[in-house]
Amino acid sequence: TLGRALVAGMALMPVSSKESELEAKLDGETASDSESRTEPAPPPAPADDTPEVLNRALSNLSSRWKNWWVRGILTLAMIAFFFIIIYLGPMVLMIIVMCVQIKCFHEIITIGYNVYHSYDLPWFRTLSWYFLLCVNYFFYGETVTDYFFTLVQREEPLRILSKYHRFISFTLYLTGFCMFVLSLVKKHYRLQFYMFGWTHVTLLIVVTQSHLVIHNLFEGMIWFIVPISCVICNDIMAYMFGFFFGRTPLIKLSPKKTWEGFIGGFFATVVFGLLLSYVMSGYRCFVCPVEYNNDTNSFTVDCEPSDLFRLQEYNIPGVIQSVIGWKTVRMYPFQIHSVALSTFASLIGPFGGFFASGFKRAFKIKDFANTIPGHGGIMDRFDCQYLMATFVNVYIASFIRGPNPSKLIQQFLTLRPDQQLHIFNTLRSHLIDKGMLTAAAEDE
């Protein structure tokens, strides 16, 4: 009986071997493909790109203090650059956001190429950038149609593109999708789908968030500057508190982060947000929505500030009155919203950085790139900003934004005369029912 069982087992062995071979063929993979998937080789570590001038000037310092000075000097340089682009106006800001988006996309996609050795995959580098172009065409086309409505309706080519914008965007994406399917190679099916998913997740994280940054900008420069500045302040102050007072590790993903830096950064960011909001709320160029002027063909930021940006008097709770001796305080309502923004920037925003740290640890890299000495790549500086941009956009839509009369009028003027007359009669009847318009005025 034992002999028969052994013979039967030996007879079944080739069948299972053939079955596994068949499954491998169906998957389009070989043994070498499986081996290459098990442990992707990490990309090469970037070389030290600190400017030679700084290296010579700081050569006598320890590596800890040398890194502190390099980060500090280049942080001041980036802050100065930030002030310059704000001074140049909203159009330059939008171009900078676009450039940052492209660079972040390039850094993440390059990591994928290096890790999975996908340079030899047919069309894939081209397709990645093609999908970036398609998604940007869709989002920026939506923005142009929304904020430049009058200009679009005035120019015939733009009007046609606007009318069929979503169909054109879908057609462009579908073309790329078909190109991807046609580029599939038998030995690289799984690897190609890995990279297809990598590209789309990168588009979701980078392009969608940068589009929301531009939407926040159109609500008013203050909704762009304050959130970004709060993230920058929290990043700097958390580093400073952690550098001088840090003792207790915060999270394993980022061993250098400490509870002292996290808590110190929170309080410093809230105070900074209140002060910055107070200063900026007094200037129309910061608080007015960015609108396109058809007469001058330029952006304008002139308006009558809303109640959100008018000083109001608030009663101070009795407990605090006994401490500071004040009964009331005059402040802008936006300052109250700034507390919510700065709290998110300091308590939740860092999780964008922790997410990026986990991503880098997964692929055994220190930074996304070596674009900025001492800071890494552009994505290393904007990992928290993208999360902040989403929160600000949701916050505005939930608690701030109301119906926009100017947009409604623009759409009303593009309707046919009979449709305009119907809306006029409906609105007049509604106002009469509300008592805001008399019947005598109706007869006139």
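Average projection, convex hull of the Cα set of the range 185-233: 4.5 square nanometres. Mean silhouette area of the range 298-444, derived from the convex hull of its C-alpha atoms and averaged over all directions, reads 18.6 nm². Here the Karplus curve 6.51 cos²θ - 1.76 cosθ + 1.60, taken at θ = phi - 60°, turns the phi angles of the range 320-325 into couplings of 6, 4, 5, 8, 9, x Hz, with x standing for Gly and Pro. Take each peptide in 242-251, 258-267, 206-215, count the other Cβ atoms within 10 Å of every residue, and average; sorted highest first, the result is 206-215, 258-267, 242-251.
Near the amide H of Ile251, within less than 5 Å, lie the amide hydrogens of Lys257, all on another chain or at least 5 residues away, with H placed in the peptide plane.
Quick one: grab the alpha carbon gyration tensor of the range 206-256, order the square roots of its eigenvalues as a ≥ b ≥ c, and give me rounded if a/c is under 1.5, else prolate or oblate depending on whether a/b is larger than b/c. Oblate shape, in that a/c is at least 1.5 and b/c is the bigger or equal ratio. Annotation note: trypsin sites (Lys or Arg not before Pro) in the range 276-351 located in DSSP loop regions with a Cβ neighbour count of at most 16 within 10 Å are Arg310, Lys327. Taken one residue at a time, the phi angles of the range 382-393 give Karplus couplings (6.51, -1.76, 1.60, θ = phi - 60°) of 10, 5, 7, 5, 5, 5, 5, 4, 5, 4, 4, 4 Hz. Gly and Pro are set to x.
Principal axis analysis of the Cα atoms in the range 98-193 yields extents of 52, 29, 15 Å, listed in decreasing size. The string of couplings for the range 299-312 from the Karplus curve (6.51, -1.76, 1.60, θ = phi - 60°) is 7, 10, 9, 10, 6, 8, x, 6, 4, 4, 10, 10, 4, 9 Hz, one whole number per residue in order, with x for Gly and Pro.
Each peptide in 141-151, 231-241, 427-437 was scored by the mean count of other Cβ atoms within 10 Å over its residues; highest first, the order is 231-241, 141-151, 427-437.
Take the Kirkwood radius over Cα pairs of the range 285-335, plug it into Stokes-Einstein at 25 °C and 0.890 mPa s, and you get 180 µm²/s for translational diffusion. The amide H of Ile316, built 1.01 Å from its N in the peptide plane, has Thr328, Val329 as neighbours under 5 Å, considering only residues 5 or more places off or on other chains. Can you give the local net charge around Arg166? Use residues other than it whose beta-carbon is closer than 14 angstrom to its beta-carbon, Lys and Arg +1, Asp and Glu -1. Combined, the nearby Lys, Arg, Asp and Glu give -1. So, counting K/R as plus one and D/E as minus one, what does the shell of residues with Cβ under 12 Å around Val206 add up to? Net charge in that neighbourhood comes out at -1. Restriction of the chymotrypsin sites (Phe, Trp or Tyr not before Pro) in the range 155-222 to DSSP coil positions whose beta-carbon has at most 12 other beta-carbons within 10 angstrom yields Tyr164.
Could you pull out every residue, at least 5 positions away or on a different chain, whose amide H is within less than 5 Å of the one on Cys288? Hs are placed 1.01 Å off N in the peptide plane, and Pro or chain starts have none. It is Met221, by chain and number.
Measuring between alpha carbons in the structure, the pairs from Lys257/Lys364; Lys66/Lys360; Lys66/Lys257; Lys103/Lys364; Lys187/Lys252; Lys66/Lys103 lying more than 30 angstrom apart are Lys187/Lys252. Going by the alpha-carbon gyration tensor, a ≥ b ≥ c the square roots of its eigenvalues, is the range 170-211 rounded (a/c under 1.5) or, if a/c is not under 1.5, prolate (a/b greater than b/c) versus oblate? Oblate. Equivalent-ellipsoid semi-axes for the range 54-104 (Cα gyration tensor, √(5λ), whole Å, largest first): 31, 12, 7.
Taken together, the values in this text are just the output of simple stated rules run on the coordinates, not laboratory data. Values in this document were obtained by computation on a predicted structure and should not be read as measured data. Counting neighbours? That spans all protein chains shown, and the Cβs are built from the backbone with ideal geometry, glycine included.
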